[in-house]
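Structure, as structure tokens:
The values are calculated or read from the model by the stated rules, or taken from the named source; none is laboratory data. On a predicted model such as this, the values are computed, not experimentally measured, just so you know. Neighbour counts run over all protein chains shown; Cβ positions are idealised from the backbone, glycine included. Surface accessibility is based on the protein's heavy atoms, side chains included, excluding ligands, DNA and RNA. Shrake-Rupley method; radii C 1.70, N 1.55, O 1.52, S 1.80 Å.
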Amino acid sequence: MAEHDAVVEGYGVARNVATREACEELKKYIHVETKRAKDAEDSARFGKVREPENRYDLLLEMEGPVKDVVNSVMASMAVELRSVFQNPGARLIELAAITSYPGAESQPVHADSVHGVLRFLQADASAMLGGMLGASGGLWEDEEQEACDAVLQASATDTAPMWTMLVALQDIDESMGPTHVWPGTANVDHHSRCYSHYVSPMGLVPHDQREKLSVELADEMFEIQHKKMTLSAGDLVYYDSRTMHCGGANKSDKSRSVLVLTFVGAGMMPEGSTYDLLPHLINKYRLSSFPLLEDGSSRPKLDVDVAQEEAADKQRRQEDEEKRRAKPIPPLNEWMACVQCTKCSKWRPCDPTSADMLTRDMWKCADSGFSCFNPQLYSVAEIDAYFLED
């Protein structure tokens, strides 16, 4: 079980999610497969990783010791994964092993994906979407503008949740460069601070000219002390893809390997992740697929329509967002007149001079900043009695 509320902190630690013996077998498998892929110069087996010198990101098949550890992890983390994704349709988008060898440098502090609101604020709509929507440099047509607004709004409020699990395949002490995590940084404020490090008065600094955001500077910039994920074999750290983190420098004489599992829920795919998964495994596994059987197939499917679950989850998040942003319903004694929504049939307060016009115009809650998802608060009888008093 996790040690604290991961949704609030942006990360969590879980102990003994796999046996030490299973982790040892998987580490041997990773060593053999890494050497085989390197000797064959098989670049397709390796993903992108920050500070790649003495550090390898091996894409894994779902077989043998990989499957054994994955099944154990998924069984141990069932409650936590349900908590962060809310439905069984979340897809596996990364299955890999990162190994840092002695001499591997510390990675720059980073998040695996850009916060959706920051992406929205940075977006230059016509530059980003003009070509995609067929704009030709003049004024966009109404439907093109609406499409642009929809995409940008989705990036801000409908970005899919994405969480990564790093399973320690051996004991990890401070000398081996454990993962460093900055709690509570999966938000716009800390993403803006990180982004500002790479911006000059002339704009975004080119990659080859950037100064690495170091652990020390990140502590100061975020005003948060980082946590070192020293773990025993079979423990894991899991984190929101927006949480700031980095792999530390391996100053020991031993290699450090972690199994990487990343799942993404419903919504717009986050920007920035490496999506380290062999092509033939794309869209093959979901939370509901586990545990896998001996032949690698999934257990019999539950009576769950994944698409329907994802749609319902998206609807719930949209409703929650609309409720949060909606104008509150004032006390009944402040109502001067009221009008009935033609969509939800709830009564809402309005200006007395516009009540008749709003009724004729097929008024809806959203037209005045209210939300159909919020309750009416007062019964029809209470509203009638209040106005009859006058």
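The number of residues in the range 190-217 being touching a helix residue (DSSP H, G or I) at 6+ places or on another chain (Cβ under 9 Å) and at pLDDT 80 or above comes to 6. Contact map, the range 368-385: first residue under 13 Å from Glu322 (Cα atoms) and in contact (Cβ under 8 Å) with a residue 60 or more places away in the chain, second residue open to solvent by less than 70 Å² (accessible area, probe 1.4 Å) and part of a loop (DSSP other than H, G, I, E, B), Cβ cut-off under 8 Å, separation 6 or more or different chains; the map is empty.
Counting only residues that are of a type in the set (Asp, Glu) and under 20 Å from the mean Cα position of the chain (by Cα), how many does the range 4-22 have? Within the range 4-22, residues that are of a type in the set (Asp, Glu) and under 20 Å from the mean Cα position of the chain (by Cα) number 2.
Taken over the range 331-348, the criterion of being in a loop (DSSP other than H, G, I, E, B), surrounded by 15 or more Cβ atoms within 10 Å (Cβ to Cβ) and either of a type in the set (D, E, K, R) or touching a strand residue (DSSP E or B) at 6+ places or on another chain (Cβ under 7 Å) (or both) is satisfied by Trp335, Cys341, Lys346. Looking across Ala337, Ala385, Ala381, one residue alone is of a type in the set (Gly, Ala, Ser), more than 29 Å from Phe85 (Cβ to Cβ), touching a helix residue (DSSP H, G or I) at 6+ places or on another chain (Cβ under 8 Å) and at pLDDT 80 or above. It is Ala337.
Is it the case that some residue within the range 87-105 is at pLDDT below 80 and over 30 Å from Asp219 (Cβ atoms)? Yes, because at least one residue in the range 87-105 is at pLDDT below 80 and over 30 Å from Asp219 (Cβ atoms).
Could you identify the single residue in Glu41, Glu33, Glu53, Glu25 that is more than 24 Å from the chain's Cα centre (by Cα), without any contact (Cβ under 8 Å) to a residue 12 or more places away in the chain and farther than 17 Å from Pro291 by Cβ? Write out each step before concluding.
Values: Glu33 fails: without any contact (Cβ under 8 Å) to a residue 12 or more places away in the chain; Glu53 fails: without any contact (Cβ under 8 Å) to a residue 12 or more places away in the chain; Glu25 fails: without any contact (Cβ under 8 Å) to a residue 12 or more places away in the chain.
It is Glu41.
Is it the case that the range 312-326 has a residue that's modelled with pLDDT of 85 or more and either over 30 Å from Leu92 (Cβ atoms) or surrounded by 13 or more Cβ atoms within 10 Å (Cβ to Cβ) (or both)? No: the range 312-326 contains no residue that is modelled with pLDDT of 85 or more and either over 30 Å from Leu92 (Cβ atoms) or surrounded by 13 or more Cβ atoms within 10 Å (Cβ to Cβ) (or both). Of all residues in the range 141-162, none are open to solvent by 20 Å² or more (accessible area, probe 1.4 Å), among the charged types (D, E, K, R) and at pLDDT 90 or above.
Among the residues of the range 40-48, none qualifies, meaning not one is of a type in the set (A, V, I, L, M) and closer than 25 Å to Cys246 by Cβ.
Hey, could you check the range 353-390 for residues that are of a type in the set (Asp, Glu) and part of a loop (DSSP other than H, G, I, E, B) and say which is least open to solvent (accessible area, probe 1.4 Å)? The qualifying residue least open to solvent (accessible area, probe 1.4 Å) is Asp361.
Sort out which residues of the range 211-226 are open to solvent by 10 Å² or more (accessible area, probe 1.4 Å), in a helix (DSSP H, G or I) and over 27 Å from Leu95 (Cα atoms), and write them in order of number.
In the first step, residues of the range 211-226 are kept if they are open to solvent by 10 Å² or more (accessible area, probe 1.4 Å); the result is 211-212, 214-217, 219-221, 223-226.
Those left that are additionally in a helix (DSSP H, G or I): 215-217, 219-221.
Across the range 211-226, the qualifying residues are Glu216, Leu217, Asp219, Glu220, Met221.
Of all residues in the range 253-287, exactly one satisfies the criterion of being under 20 Å from Cys23 (Cα atoms) and either free of Cβ contacts under 8 Å to residues at least 60 places away in the same chain or among the acidic types (Asp, Glu) (or both), namely Asp253.
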